[in-house]
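Participant: Next up is a structure, given as structure tokens.
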Amino acid sequence: MFKLSKKIQSLPPYLFVEIDKAKRAARASGRDLIDLGIGDPDQPTPRHIIEKLYQAAQDPATHRYAMDQGMPVLRRAISGWYAKRFNVKLNPETEVLPLIGSKEGIAHFPLAFLNQGDYSLVPDPCYPPYKGGAILAGGKPYLMPLREANGFLPDLKKIPLSILKKAKLIYINYPNNPTSTIAEAGFYQEVINFAKKHKLIVVSDLAYSEITYDGYRPPSFLEFEGARDIAIEFHSLSKTYNMTGWRVGFACGNQNLVSALAKIKSNIDSGIFSAVQLAGVEALTGPQHCLQEICGIYQQRRDVLISGLKSLGWNVTAPKATFYVWVRIPAKYDSIKFSTLLLDKANIVVTPGVGFGRYGEGYIRMALTVPVERLKEAIQRISSL
Ligand SMILES: *Cc1c(COP(=O)(O)O)cnc(C)c1O
């Protein structure tokens, strides 16, 4: 009866439907599932951040509409954090924009720059809003395959000139979800040269910069020479401080790009709950030892899962960042069949790679968001398949 818009109709299908259905049915029938499918920290938000929210929420001033561009104190905290962490100096008034979670900004950003038929160059597999955002803005995603043979980096030379002429945005996301790969400085430099040559805006998603192991410290894209002429970077408190439910993230970088997103947002939302903004300030400026604890927990889980999978003869490498392990599956399966097998026969939930795009086929993603004992149990279950 209601005819959906062309945009809605052309959004990519939700490929986890079958597995979600099977997962719900399994839960309902009381089966003991080990859920490695969820990209959401299982640990609580650090105590001092919760206390700050509690305290801030007592003040009636926080109950009113927030200042829609983000509180100055939060903008300053973000700018201070970037200076300390990356040695990147951002003007809090013009080069920083708080967001209701970075997904919100990532999905809205293309509205500011895509016209009908323009392209966003998006990695595939990828975090779904890169594609969805392009389509909702009336544009089209052009898929840059992330192939294992190329270190899960896009091969920029393979993008046809005919596409580049109509492309406005290019997305990069390292440390990467879902492949958990990192990028070297040379890649960032290549992206800057490429983007300048073809007049592209670079959208860098840095959601996992703090979830790292073995001493690895990823750079911000904005550290590289020339990046600030052409780039906007999205960041989030979600993964760093176990705050996915709070909805607080931010965009920063080139002031024209940041102000364009602010203009879009001023037509759509009325800001982040002020008490959450103040808790965000506490997260960024308060004690940081929670970070080592958070990464320590994932690192231990990573080591258990990787060594367990290796003991089963699986060919996996330990990621240096993110809380995902991207695993190649046996050639005789596709990723949905293999995920279904793990669910049906071992009560283990994983994410089929194809859910992140067609070039994710042949892989599954396992999340390190369950305790060590459950990971050991998962290995046990797989070994007796
Ligand atoms: C989790 C995640 C985000 C952050 O999302 P929020 O909306 O800030 O919670 C952004 N990008 C990627 C790739 C992610 O996995």
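All of the numbers you see were taken from the coordinates with simple rules; none came from a lab. All figures in this text were calculated on a predicted structure; none of them were measured in a lab. Every residue, glycine as well, gets a Cβ built from its backbone with ideal geometry; the counts of neighbours run over all protein chains shown.
Participant: Once you place label points 7 Å from the Cα toward the Cβ at residue 314 and residue 89, how far apart are they in nm?
Facilitator: 4.8
Participant: Nearest 500 deg cm²/dmol is fine: what mean residue ellipticity at 222 nm does the chain get from its DSSP H runs of n ≥ 4 alone, each adding -39,500 (n - 2.57), divided by its residue count? Could you put the intermediate results ahead of the total?
Facilitator: On the way: 14 runs with 149 residues, N = 385.
It lands at -11500 deg cm²/dmol.
Participant: Hey, another quick one. Hey, got a sec? Which trypsin sites (Lys or Arg not before Pro) in the stretch 223-254 land in a DSSP loop and have at most 13 other Cβ atoms within 10 Å?
Facilitator: Sparse-neighbourhood loop trypsin sites (Lys or Arg not before Pro): none present.
Participant: Same structure, new question: Could you go through the stretch 374-385 in sequence order and give the Karplus-derived ³J(HN,Hα) for each residue, using 6.51 cos²θ - 1.76 cosθ + 1.60 with θ = phi - 60°, rounded to whole Hz, and x for Gly and Pro?
Facilitator: Each residue of the stretch 374-385 in turn: 6, 5, 4, 4, 4, 4, 3, 5, 5, 5, 9, 5 Hz.
Participant: Specify the residue with the greatest mean-square fluctuation among 80, 151, 139, computed from a Gaussian network of the chain linking alpha-carbon atoms under 10 Å apart.
Facilitator: 151
Participant: Also: For residue 65 and residue 165, calculate 0.36 nm times their separation in residues minus their Cα-Cα distance, and state this gained length in nm to one decimal. Walk me through the numbers before you get to the answer.
Facilitator: Working: separation 100, 0.36 × 100 = 36.00 nm, distance 4.21 nm.
Separation in residues times 0.36 nm, less the Cα-Cα distance, equals 31.8 nm.
Participant: Work out from phi, with θ = phi - 60° and the Karplus expression 6.51 cos²θ - 1.76 cosθ + 1.60, the ³J(HN,Hα) of each residue of the stretch 300-305, listed in order in whole Hz, and give x for Gly and Pro.
Facilitator: With coefficients 6.51, -1.76 and 1.60, one gets 4, 5, 4, 4, 5, 5 Hz.
Participant: So what are the radius of gyration and Dmax for the Cα set of the chain, in Å?
Facilitator: Just the Cα atoms of the chain yield Rg and Dmax of 20.9, 60 Å.
Participant: About the Cα centre, and with charges only on the beta carbon of Lys, Arg (+1) and Asp, Glu (-1), how big is the dipole of the chain? Nearest 20 debye, please. Write down the numbers at each step before the final one.
Facilitator: Values: 47 positive and 34 negative charges, 199 e Å.
Here the size comes out at about 960 debye.
Participant: I've got another one for you. With the crude spin-label approximation of a point 7 Å out along Cα→Cβ, what separation in nm comes out for residue 373 versus residue 150?
Facilitator: Each label point lies 7 Å from its Cα, and together they span 4.5 nm.
Participant: Based on the alpha-carbon set only, what is the convex hull volume of the stretch 228-385 divided per residue, in Å³? Please report the intermediate quantities before stating the final value.
Facilitator: Values: hull volume 26.7 nm³, N = 158.
In the stretch 228-385, the Cα hull volume divided by residue count equals 169 Å³.
Participant: To continue, here is another question. Quote the relative contact order of the chain in percent (integer), defining contacts as alpha-carbon pairs under 8 Å separated by 6+ residues. List each step's numbers first, then the result.
Facilitator: On the way: 717 pairs, mean separation 94.5, N = 385.
After rounding, I find 25 percent.
Participant: Still on this model: How many angstrom lie between the Cα centre of the stretch 34-56 and the Cα centre of the stretch 208-250?
Facilitator: 18
Participant: Then there is this: If r is the Cβ-Cβ distance from residue 196 to residue 29 and R0 is 56 Å, what FRET efficiency results, to the nearest 0.05?
Facilitator: Values: r = 57 Å, r/R0 = 1.01.
After rounding to 0.05, the efficiency reads 0.50.
Participant: Which length gain, in nm to one decimal place, applies between residue 51 and residue 383 when the Cα-Cα distance is subtracted from 0.36 nm times their residue separation? Before the final figure, lay out the partial values.
Facilitator: Working: separation 332, 0.36 × 332 = 119.52 nm, distance 4.40 nm.
Length difference between fully extended and current span is 115.1 nm.
Participant: Continuing with this model, one more query. Treat each spin label as a single point 7 Å out from the Cα along the C-beta direction, and report the residue 214 to residue 328 distance in nm.
Facilitator: 1.8
Participant: Ranked highest first by average number of other Cβ atoms within 10 Å, how do 85-98, 186-199 line up?
Facilitator: Details: 85-98: 18.6, 186-199: 16.2.
Sorting 85-98, 186-199 by mean packing, highest first, produces 85-98, 186-199.
Participant: Highest GNM mean-square fluctuation, the chain, Cα pairs closer than 10 Å: which of 145, 41, 12?
Facilitator: 12
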